[in-house]
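So the structure is just underneath, and the comments pick up after that.
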Amino acid sequence: MFDNPADVADVALFIDLENIRYSLHHLGAEVEPVKLMDKARRYGKIAVAKAYADFSEHPDWLRRQMDVAGIDVRDVPLRRFQSNGSERFKSSADLHMLMDIMETVLDRPNVSTYIMMTGDGDFIRVVTWLRNRYRRKVVIAGIPGSTSRDLIAAAGHEDPIDAPPPPGPIDEAELIMRIVRMMHERQPPLGFWTVKMLHQWTNDPRNGIPGTSSLHYDAIGAMLRDGLLRQLVVDTGERTVTRTYLNEENEVVQEIIDEMDAARQPAL
């Protein structure tokens, strides 16, 4: 009698596809599912391989390549809703990935190695849970420059996905200009910004802010120091929140917004 492959396989692969794909786009590259699977296969026999995203937001060829690589697609549609007159989007892909990780550790005790292809620090808690409670080996395979250092530290093992080198030195003035544009054009989820939320949005590759997380944080600090941002402490009744606003009276902010408005004007 042959062993059931599922009973002897000892590696589980979980891919936060949007995090990986948009981080690669930031470097001018594209995700290659077969190569992702080849990386995971080096750690042993694959028991689970899943990728999470709203696949309607990605090209058809990507889903086909997932099939070619042997990666199960978990299609998690974005939830669309209206807030303050604007259409908003919310993804629950991370939650589905988290639940599948928990289900795997409980239902497949033979799986000893978890390869998590993501750079998202929100997974720190499940990583420490896998290591400390279940003594599983966790390997973080993210994109260099876009992976939370705390996430890597929590896992204890890193195996970065191959990617082009990051662009050359990024001028802080360029970062500040991009952040001002984002704040002027985008509606934050709660109707206001905090420094933490602003930093998270600058790190999201979909917002097109170049550079690393630490560079983003330094740029936000410079904006606070130089008056491009202003803050207001608000007592909500339950807690005190320090809200952060774009100071449109600042000369630098005014200049950037005026350039944006001029670019939108039709040529005469």
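Data overview
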| item | result |
| --- | --- |
| Selection count where residues are among the basic types (K, R) and in contact with a Phe, Trp or Tyr (Cβ under 7 Å, 6 or more places away or on another chain), scope segment 167-207 | 1 |
| Segment 254-268, residues that are acidic (D, E) and at pLDDT below 80 | none |
| Flag for R136 being among the basic types (K, R) and under 30 Å from R41 (Cα atoms) | yes |
| Wholly enclosed helices (runs of 4 or more DSSP H) of segment 156-268 bearing at least 1 residues closer than 29 Å to I15 by Cα and small (G, A, S) | 213-225 |
| Among residues of segment 97-145, those that are over 21 Å from the mean Cα position of the chain (by Cα) and touching a residue at least 40 places away in the same chain (Cβ under 8 Å), counted | 6 |
| Some residue of segment 138-150 being outside the structural domain of P109 (by TED's automatic domain parsing), surrounded by 17 or more Cβ atoms within 10 Å (Cβ to Cβ) and touching a helix residue (DSSP H, G or I) at 6+ places or on another chain (Cβ under 7 Å) | no |
| Which listed residue is outside the structural domain of T147 (by TED's automatic domain parsing), more than 30 Å from L27 (Cα to Cα) and free of Cβ contacts under 8 Å to residues at least 12 places away in the same chain, from E255, E259, E249 | E249 |
| Residue pairs meeting the criteria (Cβ under 6 Å; at least 6 apart or on separate chains; first in the same structural domain as G121 (by TED's automatic domain parsing), in segment 11-24; second among the polar types (S, T, N, Q) and modelled with pLDDT of 95 or more) | V11/T113; A12/T104; D16/T118; N19/T118 |
| Hits in segment 194-221 - residues which are over 19 Å from V253 (Cα atoms), polar (S, T, N, Q) and over 13 Å from the mean Cα position of the chain (by Cα) | S214 |
| Selection count, segment 48-71, where residues are in contact with a strand residue (DSSP E or B) (Cβ under 9 Å, 6 or more places away or on another chain) and either assigned to a loop (DSSP other than H, G, I, E, B) or surrounded by 14 or more Cβ atoms within 10 Å (Cβ to Cβ) (or both) | 14 |
| Among residues of segment 21-47, those that are at pLDDT below 95 and in a helix (DSSP H, G or I), counted | 6 |
| Residues (among the charged types (D, E, K, R) and modelled with pLDDT of 95 or more) located in segment 151-180 | E158, D159 |
| Selected residue (criterion: farthest from H26 (Cα to Cα)) from residues of segment 209-221 that are free of Cβ contacts under 8 Å to residues at least 40 places away in the same chain and surrounded by fewer than 17 Cβ atoms within 10 Å (Cβ to Cβ) | G221 |
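For (1) surrounded by 12 or more Cβ atoms within 10 Å (Cβ to Cβ); (2) closer than 28 Å to N19 by Cβ; (3) under 17 Å from the mean Cα position of the chain (by Cα), each residue gets a yes or a no:
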| site | (1), (2), (3) |
| --- | --- |
| F192 | yes, yes, no |
| M223 | yes, yes, no |
| E238 | no, no, no |
| N250 | yes, no, no |
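Matching residues to (1) modelled with pLDDT under 95; (2) out of contact with any Asp or Glu (no Cβ under 8 Å at 6 or more places or on another chain); (3) within 20 Å of I20 (Cα to Cα):
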residue	(1), (2), (3)
K90	yes, yes, yes
D94	yes, no, yes
M97	no, no, yes
V126	no, yes, yes
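The values are calculated or read from the model by the stated rules, or taken from the named source; none is laboratory data. Not measured: the values here are computed from a predicted model. Every residue, glycine as well, gets a Cβ built from its backbone with ideal geometry; the counts of neighbours run over all protein chains shown.
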